[in-house]
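Undergrad: I have a structure I would like to understand better, so I am pasting it below and will then ask my questions one at a time.
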Amino acid sequence: MPGISQPRPARASTLGIYLSTYTTPAAFPGEVWNALRQNERAANVLLPQALSALHEERTASEQFWITCKTAHSPHEKPQLEFILSCTEWHMGTYPVFLVSTLPSSSLTPAFLAPRVAMLASELRECVPSRRVYSIFAPAPLAKAFAQAWTNVAGVKLEENPYYAARFSHCSKGTHVGRTQTAPADMIYNLRLACEDDVSQVAALCKGFASDSVSRLFYNYLQKFIQPQEPFVLDEEGALKEATYLIANQFAWVHEVIHNGKSELACLVATTRNSERVHTISKVYTPPAWRKRGCAERLVRHVCQ
């Protein structure tokens with residue numbers, strides 16, 4: 001079929017570690033899809049990316065997925081342990097994402113070292129060093145891979161992580177539908193954003209990016225990526241992202257009627273969605289509307 005390429009031959013080490021590289025998720029074997037779906041929350045970035053890429057037409061050189069398996073004895077079938085993605089979307093290039101199928105207690109420095117070294121070397125054969133500007137993964141895995149990448153690519157590792165997040169989740173069984181009261185003078189509406197909101201949503205997207213990116217990191221990124229790439233949004237990029245979010249019904253807004261005018265007081269974006277997991281990937285309240293419960297009110301509504 002057009003656009004479907006075969007994986008590169010698996011590479012093996014004397015440690016029983018095997019790597020396979022794919023340029024399209026259409027070539028994934030069943031065990032990769034099974035691993036992603038069995039770890040759907042942990043793979044809340046990589047799985048939606050792969051599902052989306054199944055329906056897109058891109059050249060084979062633009063995107064890569066690398067799997068790492070280990071056979072712990074000569075007679076044992078190799079077990080899939082890590083999946084790496086280096087992909088693109090409509091806004092440009094994604095960071096590198098790494099998913100592990102193992103419990104966090106297994107991610108010791110000694111266990112990770114040979115595997116991330118092989119993953120970094122394989123990725124370096126696929127992309128130039130400047131393509132890898134950020135790594136997203138559980139902390140031990142992200143740190144280990146970042147160090148391995150500096151070794152094979154000869155780039156400097158930033159001392160302070162740009163971004164750190166804690167992962168939380170809820171389900172129908174655990175979500176608490178608490179009604180949050182609003183100030184008496186606040187008339188509000190919680191809803192999906194529509195086309196008429198595009199300019200305000202763009203401003204909120206730009207505000208989110210500005211709050212997220214420190215000036216130091218912004219200057220660092222400019223050595224490697226263009227302003228329209230992830231993390232950094234100019235007005236054109238913000239409008240592009242807002243249009244995308246609204247068209248795909250990924251943008252939820254907290255509308256406030258203030259002094260007879262409608263204003264968007266908060267934005268929540270749900271951009272990474274698979275069969276059983278939807279991810280809130282962006283929450284932003286502009287300074288003028290903070291401390292009024294807008295973010296909590298909208299997040300509760302979106303979760304419900």
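The values are calculated or read from the model by the stated rules, or taken from the named source; none is laboratory data. Everything numeric in this text was worked out from a predicted model, so none of it was measured. Neighbour counts run over all protein chains shown; Cβ positions are idealised from the backbone, glycine included.
Undergrad: Quick check on this structure: which one of T93, T101 is under 18 Å from F145 (Cβ atoms) and modelled with pLDDT under 90?
TA: T93
Undergrad: Select from region 121-144 the residues that are farther than 13 Å from I66 by Cα and in contact with a helix residue (DSSP H, G or I) (Cβ under 8 Å, 6 or more places away or on another chain) and list them in ascending order.
TA: Matches in region 121-144: S129, V132, Y133, I135, F136, A137, P138, P140, L141, A144.
Undergrad: If S105 satisfies every condition in (1) surrounded by fewer than 11 Cβ atoms within 10 Å (Cβ to Cβ); (2) outside the structural domain of C68 (by TED's automatic domain parsing); (3) among the hydroxyl-bearing types (S, T, Y) but one, which is the exception?
TA: (2)
Undergrad: Counting only residues that are part of a helix (DSSP H, G or I) and farther than 12 Å from V96 by Cβ, how many does region 130-140 have?
TA: Qualifying residue count for the region: 3.
Undergrad: Follow-up question, since we're still on this one. Being surrounded by fewer than 19 Cβ atoms within 10 Å (Cβ to Cβ), touching a residue at least 12 places away in the same chain (Cβ under 8 Å) and either assigned to a loop (DSSP other than H, G, I, E, B) or of a type in the set (A, V, I, L, M) (or both): is that true of E40 here?
TA: The answer is yes for E40.
Undergrad: Okay, next question. Determine whether G154 is on the phi > 0 side of the Ramachandran plot and either surrounded by 15 or more Cβ atoms within 10 Å (Cβ to Cβ) or modelled with pLDDT of 90 or more (or both).
TA: yes
Undergrad: Determine whether region 71-78 contains at least one residue that is farther than 30 Å from S171 by Cα, assigned to a strand (DSSP E or B), modelled with pLDDT under 95 and in contact with a Pro (Cβ under 7 Å, 6 or more places away or on another chain).
TA: No, the conditions are met nowhere in region 71-78.
Undergrad: When you look at E159, is it free of Cβ contacts under 8 Å to residues at least 60 places away in the same chain, surrounded by fewer than 11 Cβ atoms within 10 Å (Cβ to Cβ) and in the same structural domain as I246 (by TED's automatic domain parsing), yes or no?
TA: no
Undergrad: Got a number for residues in region 279-298 being surrounded by fewer than 17 Cβ atoms within 10 Å (Cβ to Cβ) and more than 22 Å from V198 (Cβ to Cβ)?
TA: 3
Undergrad: Please find, among L51, L47, L102, the residue that is under 21 Å from K143 (Cα atoms) and either free of Cβ contacts under 8 Å to residues at least 60 places away in the same chain or of a type in the set (A, V, I, L, M) (or both).
TA: L102
Undergrad: Sticking with this one: Hey, among V201, V116, which residue is crowded, with 16+ Cβ neighbours inside 10 Å, outside the structural domain of K240 (by TED's automatic domain parsing) and either modelled with pLDDT of 95 or more or among the hydroxyl-bearing types (S, T, Y) (or both)?
TA: Among V201, V116, only V116 is crowded, with 16+ Cβ neighbours inside 10 Å, outside the structural domain of K240 (by TED's automatic domain parsing) and either modelled with pLDDT of 95 or more or among the hydroxyl-bearing types (S, T, Y) (or both).
Undergrad: Hey, among E81, E122, E159, which residue is assigned to a loop (DSSP other than H, G, I, E, B) and acidic (D, E)?
TA: After applying the criteria, what remains is E159.
Undergrad: When region 86-99 is examined, which residues are found to be more than 14 Å from L141 (Cα to Cα) and assigned to a strand (DSSP E or B)?
TA: C86, T87, E88, W89, G92, T93, Y94, P95
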